[in-house]
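Reviewing the structure listed below.
The values are calculated or read from the model by the stated rules, or taken from the named source; none is laboratory data. Nothing here was measured: the structure is a model prediction, and the numbers come from that model. We place every Cβ from the backbone using ideal geometry, glycine too, and count neighbours over all the protein chains shown.
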DNA sequence: GATGAATGAGCATTCATTCAT
DNA sequence: AATGAATGAATGCTCATTCAT
């Protein structure tokens, strides 16, 4: 039962056995959290998934809440880093709408392929008590701001319909993407296809009607 | 907080006090469920919200699970009825895309204005154990089939871009709508505005580019 | 297994079954606490002694700590009331030293005959965390002040040796009394005898050497 | 904080580093035990106070219970040795009551100045399970016998009031001394003063009434 | 119809103890 | 000689559920 990568490095120090156990617990927590929700996440289940005994968790995390807090935080933090990296890698002249398309792909790929963390983070935003979301909310805001920037640029370039409210349009788009985790079944649809469909939908949904059709991406 | 009928028959008699108490409990359960999630829904909280004592619930429902099952079922069932009624009320000649637009409005209004049931049902689809979702899943499928029909009609009339996969497009659209419950704040946005923005986004996202029929991408 | 009386009335309302259960739990807690100490007091043991299941305790007390806090508080409060009543019942002209003697008897009788509460309270003063002792400390101080008064009167009347420090003398006396609970075995010594011996010891220990010997009490 | 020998032989070798670590652990245990009580004494706390990790304790003691047993034993054993030494050092002709006075001083000084062991031993007599007190009880009895002897001698010399029961008088006196640990605050009272007051109280408390002014101290 | 009282199952957490290193 | 890592046995506490009234 191979664990997700991607967290081991986050924990700081070297790649000792201890580091790996900690990461394994975090991964397990992300998994359980994404499936069972905040209140349904039992340390017993986390432990079982991480292949150790529940009390061992306390060697690495001070409490269930701290563990969950970290999962929630890592969720969007990873997502934001991933999006930022993707955008930074785009060639300088890329048009705002193309950048949005790239963002759509980044978001979907991270959400669907990489990470229980993201789904955990997304699905439980509403259920986790406020005091566990301080760090997460900061990241969420930062993530939102990136998208705001993308939209603002597109508007400045006249690439977004004037009859759309930028904020609502953005949130509706994010919703379409976030919700994908709820219905996506790996066996049925390729991420590839979902990305393509989402990009078409978003691009056309946002673009002014008599769109001066440029080539995408 | 008027509650839907549709449960009235299940409880037996007319609109007695008993009926109303039962409805109050169901409402309360929907509310708590939509906020706290499946595992976080405690009968104590439900009872408090319904202004009675927890054991009283057992007079109306055999168990916590049954209560939740019913909320989940009612959520999607009400939604379907609402959508169906809206569509049936449309004038005969209404174009498929206009019917989709009407569906978007119906979905959003029901989700945001009317009902904790719908949000409870939507948010907890992934958390409630399978055996409590038998009826709900049937309704979900039925609800999906209505939308499938709407999309099929639109495709038949050439109102949906050929480069979109009908199923994925539909699911992405539903996601945008469903997610609205996560970010909507009554004080900030009017449902009116959300509806309008969603309709624009969906209509343009789905419609073929109006330009001299080649195709994009 | 007959429970101690003396608490039922303290709980306020009538003498309902609920009242009695609450008192039974409190009594049991006092007993266990006096024997096992603060950290050693397990709710399981309390429950067993009170002849119910541990979670039932939570129906009457919000937490283990609250339960213990109440025992500790009741301990000295009862003691203080008992002492005060005894002193108030003394004939007006009673000499200070005779009043001290009466106090010695009151203290010993309450400690040895009546109450696990007092022993619990006395023995655990040092072990119970500060924040649980707010009420108790107030009572303790009040109790101490009564004795201070008794000693002050005796000094004013020249009934206490000048070479004794009033405070230390008082604390040493209290120690002799408090400690009796540690060695007293009902089968071996009668309370009667302990009282007599303590009274002799205290009276002579405190009185100026060439004492104008009056008869006691 | 110099620790008593007397345990040295039990550990084998000379005064190696190992010896000192063992003593440090024992000291720490005595300290924690005297403050938190039997059930409240956690190896973690002992270890922290001894400046090492909890599992290290097992290198020196087979179990928590053994460690505590030894503290309890040492407490009373040290006390007995101390008392015995003090008495042995008294000049041959010393009167019984003067010997008692010397005993009072020895007891108080050891309890207050020297030793967490004694307070641990005294305070936890009632809380530590019987099977850990075998050695301690033997010592306690021995210690008691010394005092019994002192009292017997005093009685033989007519230095103790006939209306006092020797055993109860002795236990009451011991209580006054033992309890001092509960209220003594180094900053407020000097041990000197406590000793003086206790000696006065005890001597006068025990002595026959019209003491024809023979000795002062 | 509804509540007060109580229970049993389960969960987070603590802690003595073990073991490999 | 000592520690990091892990575990099993408790223990406090919560919560759905029952039952007598």
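For the stretch B:38-62, which residues satisfy the criterion of being away from DNA strand E (no atom under 13 Å from the Cβ) and part of a loop (DSSP other than H, G, I, E, B)? Within the stretch B:38-62, B:41, B:62 qualify. Within the stretch C:1-26, the set of residues being modelled with pLDDT of 95 or more and within 12 Å of residue C:116 (Cβ to Cβ) comprises C:26 only.
Of all residues in the stretch A:62-88, none satisfies the criterion of being within 13 Å of DNA strand F (Cβ to nearest atom) and surrounded by 20 or more Cβ atoms within 10 Å (Cβ to Cβ).
Conditions tested, residue by residue: (1) crowded, with 20+ Cβ neighbours inside 10 Å; (2) modelled with pLDDT under 95; (3) part of a helix (DSSP H, G or I).
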position: C:113; (1), (2), (3): no, yes, yes
position: C:117; (1), (2), (3): yes, yes, yes
position: C:153; (1), (2), (3): no, no, yes
position: C:163; (1), (2), (3): no, no, no
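Among the conditions (1) more than 14 Å from every other protein chain (Cβ to nearest Cβ); (2) at pLDDT 95 or above; (3) surrounded by 17 or more Cβ atoms within 10 Å (Cβ to Cβ); (4) within 12 Å of DNA strand F (Cβ to nearest atom), the only one that residue A:30 does not satisfy is (4).
Among the candidates B:50, B:89, B:102, the residue that is free of Cβ contacts under 8 Å to residues at least 60 places away in the same chain and over 26 Å from residue B:174 (Cα atoms) is uniquely B:50. The residue that is farthest from the other protein chains (Cβ to nearest Cβ), counting only those in the stretch A:119-136 that are loosely packed, with under 15 Cβ neighbours inside 10 Å and assigned to a helix (DSSP H, G or I), is A:134. Of all residues in the stretch C:163-189, which are under 14 Å from residue D:171 (Cβ atoms) and more than 8 Å from chain D (Cβ to nearest Cβ)? If the condition is that a residue be under 14 Å from residue D:171 (Cβ atoms) and more than 8 Å from chain D (Cβ to nearest Cβ), then C:181, C:184, C:185, C:188 are the ones that fit. Any residue at all in the stretch B:84-99 that's within 14 Å of chain A (Cβ to nearest Cβ) and either at pLDDT 95 or above or more than 30 Å from residue B:152 (Cα to Cα) (or both)? Taking every residue of the stretch B:84-99 in turn, at least one turns out to be within 14 Å of chain A (Cβ to nearest Cβ) and either at pLDDT 95 or above or more than 30 Å from residue B:152 (Cα to Cα) (or both).
Only one of the numbered conditions (1) surrounded by fewer than 17 Cβ atoms within 10 Å (Cβ to Cβ); (2) in contact (Cβ under 8 Å) with a residue 24 or more places away in the chain is not met by residue D:149, and that is (2).
None of B:149, B:158, B:93 is out of contact with any helix residue (DSSP H, G or I) (no Cβ under 6 Å at 6 or more places or on another chain) and in a helix (DSSP H, G or I) except B:149. Scanning the stretch C:190-208 for residues that are crowded, with 19+ Cβ neighbours inside 10 Å and either over 24 Å from residue C:117 (Cα atoms) or at the interface with another protein chain (Cβ under 7 Å from one of its Cβ atoms) (or both) yields C:194, C:197, C:198, C:200, C:201, C:202, C:203, C:204, C:205, C:206, C:207.
The number of residues in the stretch A:47-59 being in contact with a helix residue (DSSP H, G or I) (Cβ under 7 Å, 6 or more places away or on another chain), within 12 Å of DNA strand F (Cβ to nearest atom) and under 24 Å from residue A:122 (Cα atoms) comes to 3. For beta carbons closer than 7 Å, sequence separation of 6+ or different chains, a first residue in the stretch C:54-65 that is within 14 Å of chain B (Cβ to nearest Cβ) and a second that is more than 7 Å from DNA strand E (Cβ to nearest atom) and not in a helix (DSSP H, G or I), there are no qualifying pairs.
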